[in-house]
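Structure record follows, encoded as structure tokens.
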Amino acid sequence: MKTNNWIKKDSRYIWHPYTQMKDCEKLPPILIERAKGIKLYDDKGKFYYDTISSWWCNVHGHNHSQIKEAIKKQLNSLEHILFAGFTHKPAILLSEKLISISPESLTKVFFSDNGSTAVEVALKMSFQYWRNIDKRRKTKFISLDYAYHGDTFGAMSVSGVNIFNKTFSRLFFKSYKIPSPYCYRCPLSKSKVICNIDCIKYLEDILKEKSEEISAFILEPMVMAAGGMIIYPKEYLKKASLLCKKYNIHLIVDEVATGFGRTGKMFACEHADINPDFMCLSKGITSGYLPLGITLTTEKIYNAFYDDYTKKKTFYHGHTYTANPISCSAAISSLEIFKNEQTLKKINQIVPLFHSKLEKFKNLSYIGDVRYLGMIGALELVKNKKTKEPFRFNERIGYKIYENGLRRNIILRPLGNIIYLFLPLCVKEKDIEDIIDRMYSVMKM
């Protein structure tokens with residue numbers, strides 16, 4: 001069947017995510033036939049660098065032989081069972097491996113099937129924990145105003161209100177939003193030179209006044225991804241952790257995007273050496289091969305649910321594909337690759353090159369900020385460097401760059417006025433140089 005016929009069928013039957021389908025009249029979806037390493041190939045043989053890791057989930061590259069073999073092997077024995085009253089070896093082994101590499105406070109694993117549900121689990125566990133120990137006033141959550149934690153209603157309720165979720169905001173439960181540690185657009189109008197992480201005052205102020213009604217503070221550690229790849233100082237994360245302990249509220253770290261090596265460490269919270277009460281994982285956990293979500297928590301929180309059935313402290317939450325054995329096997333294989341291929345060591349050897357190459361974008365007249373951490377890099381586009389005036393929504397500057405990027409074999413899918421790279425960890429030096437060169441030629445418009 002010819003490409004046009006496939007695309008016509010796509011248009012007839014499919015509604016794509018985060019897509020104004022009318023745009024597809026002029027820029028239809030690209031029909032991908034195969035992938036290898038960091039490259040995608042369409043049906044005509046043209047390649048595209050997978051510069052955003054297929055929505056931030058591919059870690060070790062496409063078509064990795066070890067992960068494929070693990071999936072095939074598991075298919076020969078067990079494809080799926082319910083996870084209530086039953087268990088299986090892949091789930092047990094994965095839990096053991098995750099606990100061994102996670103912050104020492106985290107000792108229990110609860111499975112789900114994606115990032116939003118991993119966050120929902122943490123919110124619900126935190127909320128019920130306080131009820132189970134008879135502190136029922138603690139029902140509210142604090143989050144950051146540029147946060148993004150998912151598309152389900154609990155996750156949206158603790159996310160910033162933006163174009164992604166504003167339509168549904170009347171359905172959100174009440175939560176407290178505080179200004180984000182957005183250094184380029186500092187809420188206190190300070191510069192990095194004189195910053196003493198003074199924006200932590202917003203969290204401290206609300207905790208001083210309302211800690212008795214606060215269940216948890218949730219944030220994405222080090223990088224606020226969908227909010228604009230906002231990279232903030234590790235000191236903010238450290239101070240936030242100390243405040244949560246001081247005022248007896250839970251700290252939930254959403255590592256759905258940042259986990260599994262993206263920031264140069266296995267988990268982003270390691271940069272601040274903190275011990276959260278919950279950690280939410282998904283995306284890179286299987287290296288993008290199959291869906292899986294996980295919420296890790298502490299022994300203390302687990303014990304508040306552990307009681308006689310008649311006490312009604314059970315955590316009533318679950319998903320059909322919870323702890324799917326094939327997904328768990330893919331995740332185990334991915335963790336083994338981290339160890340066997342020394343992924344973190346290798347990637348940290350080329351991180352300086354990646355960061356130095358990004359610096360040259362500062363010379364462009366409409367690049368207001370260049371920020372990076374690990375293998376994540378972002379450019380903030382502005383009309384005026386001095387005033388930091390952003391481009392208007394209807395100008396669609398990011399979309400125009402995305403179109404031009406496709407012509408140059410790179411995927412520069414924008415987040416509003418943010419153009420970013422979220423590279424697979426199998427990337428090589430020569431790939432970085434080629435990607436940056438192609439990106440610069442696009443951005444010089």
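Key figures
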| read-out | value |
| --- | --- |
| Which listed residue, of PHE141, PHE164, is out of contact with any Pro (no Cβ under 8 Å at 6 or more places or on another chain), closer than 29 Å to GLY416 by Cβ, in the same structural domain as PRO187 (by TED's automatic domain parsing) and at pLDDT below 95 | PHE164 |
| Flag for LYS26 being surrounded by 13 or more Cβ atoms within 10 Å (Cβ to Cβ) and farther than 14 Å from LEU412 by Cα | no |
| Residue selected from segment 270-281 under the condition crowded, with 23+ Cβ neighbours inside 10 Å and not in a loop (DSSP other than H, G, I, E, B), by the criterion farthest from the chain's Cα centre (by Cα) | PHE278 |
| Filter pass, SER100 being out of contact with any strand residue (DSSP E or B) (no Cβ under 7 Å at 6 or more places or on another chain), touching a residue at least 60 places away in the same chain (Cβ under 8 Å), in a helix (DSSP H, G or I) and among the hydroxyl-bearing types (Ser, Thr, Tyr) | no |
| Any hit, segment 249-268, residues being surrounded by fewer than 20 Cβ atoms within 10 Å (Cβ to Cβ) and over 25 Å from TYR420 (Cβ atoms) | no |
| Residue in segment 246-266 that is farther than 26 Å from VAL161 by Cα, assigned by TED's automatic domain parsing to the domain that holds PHE110 and acidic (Asp, Glu) present | no |
| Given (1) within 18 Å of the chain's Cα centre (by Cα); (2) not in a strand (DSSP E or B), index of the condition LEU251 fails | (2) |
| Sole residue being assigned to a loop (DSSP other than H, G, I, E, B), in the same structural domain as ILE285 (by TED's automatic domain parsing) and touching a helix residue (DSSP H, G or I) at 6+ places or on another chain (Cβ under 6 Å), chosen from LEU82, LEU78 | LEU78 |
| Near pairs, Cβ below 6 angstrom, 6+ apart or cross-chain, from segment 32-61 (under 21 Å from LEU292 (Cα atoms) and among the hydroxyl-bearing types (Ser, Thr, Tyr)) to any residue that is modelled with pLDDT of 95 or more and part of a loop (DSSP other than H, G, I, E, B) | SER53/PRO424; SER54/GLY288 |
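The values are calculated or read from the model by the stated rules, or taken from the named source; none is laboratory data. Note that the structure is predicted; figures quoted are calculated from it, not measured. Cβ coordinates were reconstructed from backbone atoms using ideal geometry, including for glycine residues, and neighbour counts include every protein chain displayed.
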